[in-house]
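Below: the structure, in structure tokens.
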Amino acid sequence: MYFPIYRPRRLRRNETLRRMIRETRLSPDDFIYPLFVTHGRGVRNEIGSMPGVAQLSVDWAVKEAEEAFQLGVPAVILFGIPKKKDLRGSEAYARTGIVQQAIRAIKKRLPELVVITDVCLCEFTSHGHCGVVVKDQVDNDATLKLLAKMALSHAEAGADMVAPSDMMDGRVKAIRETLDAKGFENIPILSYAAKHASGFYGPFREAAESTPQFGDRKSYQMDPANAREAVREAALDVQEGADIIMVKPALPYLDVIRAVREEFDLPVAAYNVSGEYAMIKAAAARGWLDEERVMMEVLTAIKRAGADLIITYFAKDAARLLKK
Ligand code: PBG
């Protein structure tokens, strides 16, 4: 087919025609909405680098979750800011921890909303690393026990799904075995399978107060240059029992999303991270970009690349637009 017999513009002539041949469609069902929960009551601390996102006390977090659910968003993912950080991140696996409290409150109010929890120690440790530090190194195998303990305490509090984001080797297996041994064989694991050591997490670290106090995360998170390794990482998590595999960040890693999509038949998630959100918000605030348009274009691109699920701070805004 070639010009003038074939004219691609014929099917672009109006919105109805364009709707008919659209290949990728976003739905609120695709979104997972992140929430940062903090101690106290009536607390709402806006994050400077993430306009519209705030650290919320449990009462406010329940309201946010409810709003998202009413807009058709099926799931939230919880991050916690502890009262006190220590070397082993004790609040991460405490029955009275902030995330455990939030799970109970949200599930009580919204039993049908899927509550996912981020499983990682960095928000809870005084050094800000994702595991136990021994001689300035993050000790892989010592960390596994704590991650499994953390996942179990989330399940006991009523979480519907756990999402390990620490990038320790073997953590999916460790968590799966612990959950199964305690009767939580039906709790799925959404693994951050290919998580890169990215500068795009900057605003999140302000929100979660989780900046490493020395060094960086490059000895456990992946090199941004590697896509083949991302597929290998995902294969390991699949073998260890992951139910959903995630690529992170999303927008600068569309090729990785596609590679993982093509290799596995499990659901694939992508994390449209804090820096991706902040870039759009900052440019839109200056009038340099049309926020709604760019937001929908980016989310569509992430889905087009192969993601079934997208964790995004835009979840409510995008769902609202899709409802119109
Ligand atoms: C915890 C975690 C991080 C993010 C999700 N879980 C931060 C990090 O690894 O430093 C980043 C999410 C975002 O930037 O929106 N390990």
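The values are calculated or read from the model by the stated rules, or taken from the named source; none is laboratory data. For clarity, every value in this text was computed on a predicted model and none was experimentally measured. Here Cβ is always computed from backbone atoms with ideal geometry, including for glycine, and neighbour counts include all displayed protein chains.
Per the conditions (1) within 12 Å of the ligand (Cβ to nearest atom); (2) surrounded by fewer than 23 Cβ atoms within 10 Å (Cβ to Cβ), the sole criterion not satisfied by residue 204 is (2). Assess whether residue 38 counts as being surrounded by 14 or more Cβ atoms within 10 Å (Cβ to Cβ) and either over 21 Å from the mean Cα position of the chain (by Cα) or over 22 Å from residue 308 (Cα atoms) (or both). Considered against the rule, which asks whether it is surrounded by 14 or more Cβ atoms within 10 Å (Cβ to Cβ) and either over 21 Å from the mean Cα position of the chain (by Cα) or over 22 Å from residue 308 (Cα atoms) (or both), residue 38 comes out as yes. Of the residues making up the range 176-201, those that are within 16 Å of the ligand (Cβ to nearest atom), not aliphatic (A, V, I, L, M) and not in a loop (DSSP other than H, G, I, E, B) number 7. You will find that of 269, 230, the residue that is surrounded by 17 or more Cβ atoms within 10 Å (Cβ to Cβ), under 30 Å from residue 56 (Cβ atoms) and modelled with pLDDT of 95 or more is 269 and no other.
Only one entry of 13, 19 meets the criterion of being closer than 22 Å to residue 304 by Cβ, without any contact (Cβ under 8 Å) to a residue 24 or more places away in the chain and loosely packed, with under 14 Cβ neighbours inside 10 Å, and that entry is 19. Within the range 41-59, is even one residue without any contact (Cβ under 8 Å) to a residue 12 or more places away in the chain and loosely packed, with under 14 Cβ neighbours inside 10 Å? Yes, because at least one residue in the range 41-59 is without any contact (Cβ under 8 Å) to a residue 12 or more places away in the chain and loosely packed, with under 14 Cβ neighbours inside 10 Å. Any chance the range 167-175 includes a residue that's out of contact with any helix residue (DSSP H, G or I) (no Cβ under 8 Å at 6 or more places or on another chain), more than 16 Å from the ligand (Cβ to nearest atom) and touching a residue at least 24 places away in the same chain (Cβ under 8 Å)? No: zero hits. When residues in the range 249-274 are screened for being touching a residue at least 60 places away in the same chain (Cβ under 8 Å) and either over 14 Å from residue 201 (Cα atoms) or not aliphatic (A, V, I, L, M) (or both), 5 of them pass. Against the test of being crowded, with 17+ Cβ neighbours inside 10 Å and touching a strand residue (DSSP E or B) at 6+ places or on another chain (Cβ under 6 Å), the options 142, 151, 105 yield a single qualifying residue, 151. Checked against the criterion of being assigned to a loop (DSSP other than H, G, I, E, B), within 15 Å of the ligand (Cβ to nearest atom), in contact (Cβ under 8 Å) with a residue 40 or more places away in the chain and charged (D, E, K, R), the candidates 112, 123 yield just one match: 123. Candidates in the range 272-305 are the residues that are within 15 Å of the ligand (Cβ to nearest atom) and among the β-branched types (Val, Ile, Thr); of these, the one that is surrounded by the most Cβ atoms within 10 Å (Cβ to Cβ) is 302. Residue 72 passes every criterion in (1) at positive phi; (2) without any contact (Cβ under 8 Å) to a residue 12 or more places away in the chain apart from (2).
Does residue 250 satisfy being under 25 Å from residue 71 (Cα atoms), within 12 Å of the ligand (Cβ to nearest atom) and either more than 13 Å from the chain's Cα centre (by Cα) or among the charged types (D, E, K, R) (or both)? Considered against the rule, which asks whether it is under 25 Å from residue 71 (Cα atoms), within 12 Å of the ligand (Cβ to nearest atom) and either more than 13 Å from the chain's Cα centre (by Cα) or among the charged types (D, E, K, R) (or both), residue 250 comes out as no.
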